[in-house]
Amino acid sequence: MTMTEDDFFNHLYTLSLPQLSLIQEQLSIKIQQQLIKRQRPAKMLTPTGSIREMADNLGLDLTALMREVARR
């Protein structure tokens with residue numbers, strides 16, 4: 001089930017201020033972690049024959065691309 005924007009905001013309206021504050025805090029932490037992760041230099045990768053493994057090492061999700069290739 002996909003949550004619509006209205007569902008999302010309706011759920012937020014039911015939360016107390018301390019709960020909203022905690023969510024904001026957790027989101028800020030996750031954003032900072034992502035920014036730090038992006039700033040790190042790429043690690044040296046060992047050559048591998050597996051495209052999926054190389055993509056995983058780089059943090060890429062190629063599932064949609066792999067499905068498209070498999071269809072052709």
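Taken together, the values in this text are just the output of simple stated rules run on the coordinates, not laboratory data. Here the structure is a predicted model, which means the values were calculated and not measured. All Cβ positions, even for glycine, are placed from backbone atoms using ideal geometry, and neighbour counts span all protein chains on display.
About the Cα centre of the chain, how large is the charge dipole given +1 on each Lys and Arg Cβ and -1 on each Asp and Glu Cβ? Please answer in debye to the nearest 20.
Dipole size: approximately 500 debye.
Hey, what do the phi angles of the stretch 11-28 turn into as Karplus ³J(HN,Hα) couplings, whole Hz, using 6.51/-1.76/1.60 and θ = phi - 60°, x for Gly and Pro?
The phi angles translate into 5, 4, 4, 7, 8, 7, 4, x, 5, 5, 4, 5, 4, 4, 4, 5, 5, 4 Hz.
GNM, the chain, Cα, under 10 Å: largest mean-square fluctuation among I23, I51, I36?
I51
Would you mind classifying the stretch 1-40 by shape? Square roots of the alpha carbon gyration tensor eigenvalues, ordered a ≥ b ≥ c; an a/c under 1.5 is rounded, otherwise it is prolate if a/b is larger than b/c and oblate if not.
oblate
With runs of 4+ DSSP H residues as the only contributors, calculate the mean residue ellipticity of the chain at 222 nm using -39,500 (n - 2.57) per run, divided by the residue total and rounded to the nearest 500.
Using -39500 (n - 2.57) per qualifying helix, the result is -20500 deg cm²/dmol.
With a Förster radius of 30 Å, plug the Cβ-Cβ distance of L12 and R72 into 1/(1 + (r/R0)^6) and report the FRET value to the nearest 0.05. Please report the intermediate quantities before stating the final value.
Details: r = 43 Å, r/R0 = 1.42.
My answer for the efficiency is 0.10.
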